[in-house]
1. Please work out how much length the chain gains when fully extended from Gln244 to Tyr268, using 0.36 nm per residue of separation minus the C-alpha to C-alpha distance, in nm with one decimal.
2. List the pair-distance distribution P(r) of segment 94-139, using every Cα-Cα distance, as the percent of pairs falling in each 10 Å bin from 0 up to the bin containing the longest distance, rounded to whole percents.
3. Evaluate the distance, in nm, between pseudo-label points positioned 7 Å from the Cα of Ala200 and of Asn257 along their respective Cα→Cβ axes.
4. If the viscosity is 1.567 mPa s and the temperature 4 °C, what translational diffusion coefficient in µm²/s does Stokes-Einstein give for segment 231-286 when Rh comes from Kirkwood over Cα pairs?
5. Per residue and in Å³, how big is the convex hull formed by the alpha-carbon atoms of segment 53-138?
6. Could you state the principal axis extents of the C-alpha atoms in segment 312-410, from the largest down, to the nearest angstrom?
7. How far apart, in nm, are the 7 Å Cα→Cβ label points at Asp27 and Arg92?
8. Taking a temperature of 4 °C and a viscosity of 1.567 mPa s, what whole-number D in µm²/s does Stokes-Einstein yield for segment 251-326 with Rh from Kirkwood over alpha carbon pairs?
Amino acid sequence: MTATGESWGRYPRARQQIVPLHWRDADLPPSATSVLAYGNGRSYGDVCLNDGGTLLHTRGLDRFIAFDPQSGVLRCEAGVLFSQILAFAVPRGWFLPVTPGTQYITVGGAIANDVHGKNHHRSGTFGEHLRGFELLRSDGTRLHCSRDENADLFAATVGGLGLTGLIAWAEFTLKPIAGPWMACETLEFHGLREFFDLSAQSEAAHEYTVAWIDCAGSGATFGRGLFMRANHSTETRTLPRSRQLSVPLTPPLSLINRATLHAFNALYFRSTRRGPATVPYRPYFYPLDGVADLNRIYGPRGFLQYQCVVPPAGAEAALAELLRTIAASGSGSVLSVLKVFTDRPAAGILSFPRAGTTLALDFPNSGATTFELLERLDDIVVAAGGAVYPAKDARMRGDRFRRYFPRWEEMLAYVDPRFSSGFWRRVTQGS
Ligand SMILES: Cc1cc2nc3c(=O)[nH]c(=O)nc-3n(C[C@H](O)[C@H](O)[C@H](O)COP(=O)(O)OP(=O)(O)OC[C@H]3O[C@@H](n4cnc5c(N)ncnc54)[C@H](O)[C@@H]3O)c2cc1C
């Protein structure tokens, strides 16, 4: 079946042949075009799209294979969602070692983007907790990859953007927790210096740290935000039933625009409760999952997320310049996030996290003005020696990618000749 597909940002759209997979031991389907695995499409741009090619939909690979309740080692097929793992693991006293801001991603997608979460300073990326996986290559070989076996292919596949073959199943270690609640604390800050101070003070005693920043702030409100730090709570009460809201249809225009941006950010800053609170793990880790189809609010043209990291030396100046450029543009979102990454060896050749501070925010797609703004942000990130996250990208230029990921040529030896993506063609073949 040929269909038009999109990822979470709803930009770009791609025409591709869709082939659903159901069995982890089946061969790759014959195809005259290039192929790419597709998890749950929670990447924002074209890293999971293959315009003119074939997409292997992996959600049918959804079986748990083995779980050791002594060690927390779980083996499952690559199409299992994090939400399914949590539904199984949390009542048994286990949790994901690392989780991004949505639970609706697959294990294969978590590996291919080597995802990070609010505990990067403690636990690094998902790839660090991976014991091994089976990789199906287009020549029909099935390779068990771990740090001891096919170690080079292991490092190329972790963060390898789906280009080394199809991950059929994976094995990783969960971590023990006392219960499903989080002990959180929210503190306000005024300016980037206060953000860095809070981050440094909080890391030793808090497993999770992240901040929301008002990207529309200027003058007295420039750099204001809310710092959230948390640990798993010892509270064991059963969770209350949760309700999910939804965006029932796509509005004709983005609801986030120059007129609403200031008001939404000011409202969020004013209305968020400060101080300590004990909350269920889902709203803590996955606030955006609380509203189904939230990506519709940006209207039919979709949106672009921009996530960059800038190194520690000069981070404050680079972030200030990024924020001033964004505020002056009148564009941006209510969902702007800051987090300090610590210096850990990367799990994969193309893993994105590295020492520095990461800033992530959404921009409604307003055509050329949005693309020009993102180019200007790239200029700042390049000058600071930082990088932009491929999982969130739909437009970075090839020359930028090659600077952000100086080891990219090492990848070429491991890319499966039949695998490709819109992202990969753009950044390796484009200027
Ligand atoms: C609301 C929201 C919050 C997010 N927060 C974060 C965050 O905090 N941190 C973070 O790191 N990311 C975050 N993300 C991004 C998301 O975690 C990643 O893009 C993730 O990779 C999506 O997984 P997926 O299963 O949807 O994969 P897809 O988006 O479908 O695919 C992602 C990549 O994985 C490859 N792939 C998928 N399955 C396989 C397989 N079986 N074998 C080989 N390759 C495969 C694809 O080819 C593609 O290159 C967020 C996304 C959303 C929507």
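Bear in mind that the values in this text are calculations on the coordinates, not laboratory data. Treat the numbers as computed from the prediction; the structure is a model and nothing was measured. So basically every Cβ, Gly included, is an ideal-geometry build from the backbone, and we count neighbours across all protein chains shown.
1. 6.7 nm
2. In whole percents, the pair-distance histogram is 25, 54, 17, 5.
3. 4.4
4. Once the numbers are plugged in, D ends up at 86 µm²/s.
5. Output value, Cα hull per residue: 114 Å³.
6. Sorted largest first, the three principal extents are 37, 26, 22 Å.
7. A separation of 3.5 nm, rounded to one decimal place.
8. 82
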